[in-house]
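Enquirer: This is the structure I have questions about; it appears just below.
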Amino acid sequence: MNNLQKIYILGIESSCDETAAAVVANGRTVFSSVIFSSAELHKIYGGVVPEIASRKHVEVLPYVLDQAITKSDITRDQIAAIAVTKGPGLVGSLLVGVSAAKTLALIWQKPLYGIHHLAGHIASNYLTYPELEPPFLSLIISGAHSHIVLVKSYSKFEIIARTRDDAPGEVFDKIARELNLGYPGGPIIDTLAKQGKNDLFDLPQPRFENSLDFSFSGLKTATLNKLNQIKQKAVLLNQPWQDLINNADFAATFQSAIIKNLLNHTLDAITLTGQNKLVLAGGVAANSELRSQFQKTAEQHKIKLYLPELQYCTDNAAMIAAQGYYAYQEQSPETLALNAYAMLDLENA
Ligand code: KG4
Ligand code: ZN
């Protein structure tokens, strides 16, 4: 391939509550990235309502696609292929993106690639670091996932650890909801914790024997129990429970326990694999305290750390187009029988 030749991939992402489309060249350069979030509509329910999310995707995807192509300043003829998230995620939401991608592939006669959502999150780093190439170790932390993955090549992944229950983003969202702080909880807790002290109460740091797997449900339950104790005490004292709690200290305490857990497991994975290139990915990688703790630790342990840009931490389509470029280089295209999958194994996607 001519080094100067630009291969433009149109990416589509609709696995949860973000409807996104983007045009990326050679897996590295973003020409456009358009994201519509329906988070506002889910706020009153304290979490994503799948039916509302998929209906909104149907409504806004044509507009988002049109914007992405217009903003990229390239014509549809220049698009080499279409990449779409095929899973894991909310199946109704995924189907909207997959159906749109199949339709465009058919009408425009373009090859089609189904992308694993987590492979996309990992690829968000290719957009920021032109020099970044596998192999490396990746910690992917989001609303639904907590994985440590050995990225052997652009399309070969080995899972070193995963959560056996909750994901860290889920814990941020659930606790923020119980504190009546809103949705999504991660960014709210992040801001609040900056003013707090992180030693309000002790939390478990679970470890499994012979495994680096995560478990966050114990930590979540212990935090919620603490909050319930405060709420019960408020009833006895006939006071609003909000008067008995320092939200900032509360947020800083459980946030710091999550970060400590992620750091310890990741350091062990680095020792286990001998990989000292570490790539963070996913919505929770936007957390400011987590980024600074990982930076400090990386300096101490001489680890080469890659942090995705904030705009590419949470769901977006530029990361799907970036991974789509490597699929285009290395894999055969999908047929129009491509489906959406609520669950999808990263190692065999
Ligand atoms: O990657 P993402 O957009 O969606 C999934 O694939 O799950 O991640 C969304 C999650 C939500 O749980 C949200 O609360 C969390 O990422 N999040 C954060 C921050 N920004 C988003 N968590 C902690 N700190 C943040 N600054
Ligand atoms: Zn995601």
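Enquirer: In the set GLY87, GLY185, GLY92, GLY169, which member is closer than 17 Å to ASP315 by Cβ, away from ligand 2 (no atom under 14 Å from the Cβ) and under 15 Å from the mean Cα position of the chain (by Cα)? Walk me through how you get there before you give the answer.
Expert: Details: GLY87 fails: away from ligand 2 (no atom under 14 Å from the Cβ); GLY92 fails: under 15 Å from the mean Cα position of the chain (by Cα); GLY169 fails: away from ligand 2 (no atom under 14 Å from the Cβ).
Matching residue, one of GLY87, GLY185, GLY92, GLY169: GLY185.
Enquirer: If you go through region 6-24 one residue at a time, do you hit one that is within 16 Å of ligand 2 (Cβ to nearest atom), outside any helix (DSSP H, G or I), within 14 Å of GLN323 (Cα to Cα) and not aliphatic (A, V, I, L, M)? Write out each step before concluding.
Expert: Let us first name the residues in region 6-24 that are within 16 Å of ligand 2 (Cβ to nearest atom), namely 11-22.
Next, only the ones that are outside any helix (DSSP H, G or I) stay: 11-22.
Those still in the list that are within 14 Å of GLN323 (Cα to Cα) too: 11-13, 21-22.
In the following step, the residues that additionally are not aliphatic (A, V, I, L, M) were identified as 11, 13.
Yes, the conditions are met somewhere in region 6-24.
Enquirer: Can you find a residue that is outside any strand (DSSP E or B), away from ligand 2 (no atom under 16 Å from the Cβ), free of Cβ contacts under 8 Å to residues at least 12 places away in the same chain and open to solvent by 40 Å² or more (accessible area, probe 1.4 Å) anywhere in region 191-203? Working first, answer last.
Expert: Let us first name the residues in region 191-203 that are outside any strand (DSSP E or B), namely 191-203.
When the remaining residues are screened for being away from ligand 2 (no atom under 16 Å from the Cβ), the result is 191-203.
When the remaining residues are screened for being free of Cβ contacts under 8 Å to residues at least 12 places away in the same chain, the result is 191, 202.
Subsequent filtering for residues that are open to solvent by 40 Å² or more (accessible area, probe 1.4 Å) retains 191, 202.
Yes, some residue in region 191-203 is outside any strand (DSSP E or B), away from ligand 2 (no atom under 16 Å from the Cβ), free of Cβ contacts under 8 Å to residues at least 12 places away in the same chain and open to solvent by 40 Å² or more (accessible area, probe 1.4 Å).
Enquirer: From the residues in region 120-158 that are within 15 Å of ligand 2 (Cβ to nearest atom) and small (Gly, Ala, Ser), which one is surrounded by the fewest Cβ atoms within 10 Å (Cβ to Cβ)?
Expert: Here the answer is ALA144.
Enquirer: Using the structure shown, decide if GLN67 is among the polar types (S, T, N, Q), in a helix (DSSP H, G or I) and open to solvent by 40 Å² or more (accessible area, probe 1.4 Å). Even if it seems obvious, please write down each step before you answer.
Expert: Details: among the polar types (S, T, N, Q): yes; in a helix (DSSP H, G or I): yes; open to solvent by 40 Å² or more (accessible area, probe 1.4 Å): yes.
The answer is yes for GLN67.
Enquirer: If you don't mind, there's one more thing I want to ask. For LYS156, work out the one condition from (1) of a type outside the set (Asp, Glu); (2) within 8 Å of ligand 1 (Cβ to nearest atom); (3) more than 29 Å from VAL49 (Cα to Cα) it doesn't fulfil.
Expert: (2)
Enquirer: What number of residues within region 163-180 satisfy the criterion of being open to solvent by 60 Å² or more (accessible area, probe 1.4 Å), outside any helix (DSSP H, G or I) and under 23 Å from ILE230 (Cα atoms)?
Expert: Summing the residues that are open to solvent by 60 Å² or more (accessible area, probe 1.4 Å), outside any helix (DSSP H, G or I) and under 23 Å from ILE230 (Cα atoms) in region 163-180 gives 1.
Enquirer: Among (1) within 21 Å of GLY283 (Cβ to Cβ); (2) open to solvent by 10 Å² or more (accessible area, probe 1.4 Å); (3) not in a strand (DSSP E or B), which single condition is PHE36 missing?
Expert: The number of the failed condition is (3).
Enquirer: Out of all the residues in region 276-314, which are away from ligand 1 (no atom under 13 Å from the Cβ), open to solvent by 70 Å² or more (accessible area, probe 1.4 Å) and not acidic (Asp, Glu)?
Expert: Correct list: ASN276, GLN295, LYS296, GLN300, HIS301, LYS302, LYS304.
Enquirer: Of the residues THR221, THR271, THR266, which is in contact (Cβ under 8 Å) with a residue 60 or more places away in the chain and part of a helix (DSSP H, G or I)?
Expert: On the way: THR221 fails: in contact (Cβ under 8 Å) with a residue 60 or more places away in the chain; THR271 fails: in contact (Cβ under 8 Å) with a residue 60 or more places away in the chain.
Unique residue meeting the criteria: THR266.
Enquirer: Which residue is nearest to the chain's Cα centre (by Cα), if the candidates are limited to region 323-349 and must be within 20 Å of ALA144 (Cβ to Cβ) and crowded, with 24+ Cβ neighbours inside 10 Å?
Expert: Top of the filtered list is GLN323.
Enquirer: Something else now. Within region 17-32, how many residues are open to solvent by 40 Å² or more (accessible area, probe 1.4 Å) and either among the basic types (Lys, Arg) or closer than 20 Å to GLY87 by Cα (or both)?
Expert: Our first condition is that a residue be open to solvent by 40 Å² or more (accessible area, probe 1.4 Å); within region 17-32, this holds for 28-31.
The next check asks that each one be either among the basic types (Lys, Arg) or closer than 20 Å to GLY87 by Cα (or both); those that pass are 28.
Of the residues in region 17-32, 1 are open to solvent by 40 Å² or more (accessible area, probe 1.4 Å) and either among the basic types (Lys, Arg) or closer than 20 Å to GLY87 by Cα (or both).
Enquirer: Restricting to region 80-112, and then to whatever is of a type in the set (Ser, Thr, Tyr) and within 16 Å of ligand 1 (Cβ to nearest atom), can you tell me which residue is nearest to ASP345 (Cα to Cα)? Show your work before the answer.
Expert: Kept after step one, since they are of a type in the set (Ser, Thr, Tyr), are these residues of region 80-112: 85, 93, 99, 103.
Filter once more, keeping what is within 16 Å of ligand 1 (Cβ to nearest atom): 85, 93.
On the way: THR85: 13, SER93: 18 Å.
Result: THR85.
Enquirer: Please determine, by comparing only the residues of region 1-16 that are aliphatic (A, V, I, L, M) and surrounded by fewer than 21 Cβ atoms within 10 Å (Cβ to Cβ), which one is nearest to PRO184 (Cα to Cα).
Expert: Taking region 1-16 as the starting set, the residues that turn out to be aliphatic (A, V, I, L, M) are 1, 4, 7, 9-10, 12.
From what is left, the residues that are surrounded by fewer than 21 Cβ atoms within 10 Å (Cβ to Cβ) are 1, 4, 7.
Values: MET1: 43, LEU4: 42, ILE7: 35 Å.
Of everything passing the filter in region 1-16, ILE7 is nearest to PRO184 (Cα to Cα).
Enquirer: Could you list, in sequence order, the residues of region 39-64 that are open to solvent by 40 Å² or more (accessible area, probe 1.4 Å), closer than 15 Å to GLY97 by Cβ and among the aliphatic types (A, V, I, L, M)?
Expert: Residue satisfying the conditions is VAL58 alone.
The values are calculated or read from the model by the stated rules, or taken from the named source; none is laboratory data. Since the structure is predicted, the reported quantities are computational estimates derived from the model, not experimental observations. FYI the Cβ positions are ideal-geometry reconstructions off the backbone, even for glycines, and counts take in every protein chain you see. Just the protein is used for accessible areas: all its heavy atoms, side chains included, with ligands, DNA and RNA removed. Shrake-Rupley method; radii C 1.70, N 1.55, O 1.52, S 1.80 Å.
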